[in-house]
Every structure is written in C-alpha cells, then in structure tokens.
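One structure is given here, and the rest of the page talks about it.
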Amino acid sequence: MTIFFLFLLATTFGCVSTLFWVPEDDMGRGYFQMNALIVLGLLALAGAVLVLHPFRPFGDRGVAGAIAVGVAGGGAFLYYAAIWRERWRRARAAAALILAAAGAALLLATPQLSALAPALPYRLLLTGGAVFSSALLLGWSLITMLLGHWYLVSPRLTFRHLVIFSWVLMAVIGLRLLTVGAGLAAAAVSQAGYWPLLTGLTGQGMFFWFRVLWGLAIPVTLGILSLHCARQRSNQSATGILYVVVVGTFIGELTAYYLIITTGVPV
C-alpha cells in the first residue's frame, strides 16, 4: 500500500507543478477544471488510504504528514472553487498551497524510504532526488498528454503550448535519468551488496530491467517522437505517442517504488 500512496502523492505534486505554465485566457476554464478534478481524485484516494489502511508512511511524523495531506486536499477544493468562478489569482495561490503541502508530505516520507538502505552513500539526498524527479515525470507526462488531447476541444489553440510542454517533459525525463544514474552509481560503489541485489536475476533484477525498459527507454524514445510531432503541428500523433509515454512512465515509476522498498536503492 505504501507504493500506491507514494504514487498518488507524487502524481499530485507533478500535476500541480504544470498548472503555472499556461495562460488561463488561452486554455479556458474547462482545461483547469479537468486538472482540478484529477488532483482532487488523487488526493481523495491518498487520504482514504492514509485513514483506512494501517501503515506508517511518515514514520514518527505521522501527524505532520496527515496534516500536509489534509492541507493539500483543502487547497484542491479551494483551487476548484476559484477556477469555477474564474478567479485566476486565487486559483494560482491555491495551486501553490497544494504544491507546498504535497511537497512537504513527500519530504516527510523520504526519510522512511532512505532508512531502508542504511549503508548506501548519500542515501537521503539520492532518495529525495528520486522521489521528486519521479513526481515531476509522472505529472508532466500525464498533463502533456491531456494537453495534446485538449486541442481536439479547442482546435484554435496555439501549438506553442504543446511544444513547450514537450520540451519540459524531455528535460524532466533527463532529470529522472540523472537521478537513476546517481542511485545506481551509489549502489555500485557500496560494499553492502546493493548492486547484485538490484540488478541480478537472483535478486530483483527482473523488476529492475523491466523498470529500465518501460520507465526509461520507452519515455526517452517516444518523448523525442512526441516533441517532433508537436513541432510539426500534429497534435493527434503527439497525443497518441504520449499515451504510451504515460503508460510506460506509470509502470516504470510504480516498479521503481517497489524497488526502493525492497532494495533501498532509489532508482
């Protein structure tokens, strides 16, 4: 259940981080309502898991973590209300509140994950980098795909937005590659046997290589193709490719969370 909870929190953080990049007048109320409903759904599930399932994702800071999740949920309701009334400044303030609260919850959960590999060099820093780069990748892949789909609703929308989102998505994929590489380097130099446990088929190697294929190789390859399609003003092709990127990202990051919990190595 910890894997699912982290996935919900990370996706929330990543989705909200995309809301400051497009002008409200260009997109209209409907686009932001769609994003608000996604965030509300993710936080509702996260809150339900936190309340109903007996586990401690925040360790001894459970109260602070629960407050952070609650504040993020309250911010999501404020965001939706502001969008409904088209109060854009208030909506941005509410989005900033969600982002801060979800980020705080992820920060509170990070020490519990890093504690799983006490002998790993720079484990807290590496785990934090992996969690937040994962969150950005989850959010930007999902919202970029939905933005591409939005051109069917608003065909006069300028393609500049989809191109910019595609470029940012590629940058986020690059950041995720760097954090995975750093985690692997730390596992390789450690004398605690993390590397064979992570990559060997007698350990978690099957899941690791599956994670590399779906969560890294596919997003890199198809992300480049989606950017090319966006620059060619072919939103339907870009959106179709981005659907596969989202699937690969979701599978890859869920597997990455499983690997962190079972091996302690942030990949």
Next item on the list: Collect the residues in segment 13-39 that are in a helix (DSSP H, G or I) and touching a Gly at 6+ places or on another chain (Cβ under 8 Å), keeping them in residue-number order.
Entry: PHE13, GLY14, CYS15, VAL16
Notebook entry, point to check: How many residues are free of Cβ contacts under 8 Å to residues at least 60 places away in the same chain, aromatic (Phe, Trp, Tyr) and buried (at least 17 other Cβ atoms within 10 Å of the Cβ) if we restrict to segment 24-67?
Noted result: 2
Check: Do we find that LEU169 is touching a Phe, Trp or Tyr at 6+ places or on another chain (Cβ under 9 Å), buried (at least 18 other Cβ atoms within 10 Å of the Cβ), in a loop (DSSP other than H, G, I, E, B) and outside the structural domain of GLY14 (by TED's automatic domain parsing) in this structure?
Finding: no
Next item on the list: Being surrounded by fewer than 19 Cβ atoms within 10 Å (Cβ to Cβ) and either assigned to a helix (DSSP H, G or I) or not assigned by TED's automatic domain parsing to the domain that holds GLY28 (or both) is the filter here, so list the residues in segment 81-103 that pass it.
Entry: ALA81, TRP84, TRP88, ARG89, ARG90, ARG92, ALA93, ALA96, LEU97, ALA100
Check: Got at least one residue in segment 199-208 being among the small types (Gly, Ala, Ser), in a helix (DSSP H, G or I), over 19 Å from the mean Cα position of the chain (by Cα) and outside the structural domain of PHE7 (by TED's automatic domain parsing)?
Finding: yes
Check: Among GLY203, GLY215, GLY264, GLY183, which is the only one that is in contact with an Asp or Glu (Cβ under 8 Å, 6 or more places away or on another chain) and within 26 Å of PRO121 (Cα to Cα)?
Finding: GLY215
Next item on the list: Among the candidates LEU242, LEU216, LEU201, single out the residue that is modelled with pLDDT of 85 or more and either within 27 Å of ASP26 (Cβ to Cβ) or surrounded by fewer than 20 Cβ atoms within 10 Å (Cβ to Cβ) (or both).
Entry: LEU242
Checklist line | Tally, over segment 20-40, of residues that are under 24 Å from THR110 (Cβ atoms) and over 14 Å from the mean Cα position of the chain (by Cα) | finding: 1
Next item on the list: Take the residues in segment 68-80 that are of a type outside the set (A, V, I, L, M) and in contact with a helix residue (DSSP H, G or I) (Cβ under 6 Å, 6 or more places away or on another chain), then tell me which one is surrounded by the most Cβ atoms within 10 Å (Cβ to Cβ).
Entry: TYR79
Margin query: Can you say whether ILE38 is outside the structural domain of VAL172 (by TED's automatic domain parsing), under 24 Å from LEU157 (Cβ atoms), of a type outside the set (S, T, N, Q) and out of contact with any strand residue (DSSP E or B) (no Cβ under 7 Å at 6 or more places or on another chain), as far as the supplied structure shows?
Written below: yes
Check: Which residue pairs have Cβ atoms under 7 Å apart, sit 6 or more places apart or on different chains, and have a first residue in segment 119-134 that is among the charged types (D, E, K, R) and surrounded by fewer than 15 Cβ atoms within 10 Å (Cβ to Cβ) and a second that is modelled with pLDDT under 95 and assigned to a loop (DSSP other than H, G, I, E, B)?
Finding: none
Note to self: I need the full set of residues from segment 1-19 which are modelled with pLDDT of 90 or more and of a type in the set (A, V, I, L, M, F, W, C), in order please.
What the structure shows: PHE4, PHE5, LEU6, PHE7, LEU8, LEU9, ALA10, PHE13, CYS15, VAL16, LEU19
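The values are calculated or read from the model by the stated rules, or taken from the named source; none is laboratory data. Computed from a prediction, not measured in an experiment: that's the story for all the values here. Using ideal geometry, Cβ is built from the backbone for each residue, glycine included, and neighbour counts are taken over all protein chains shown.
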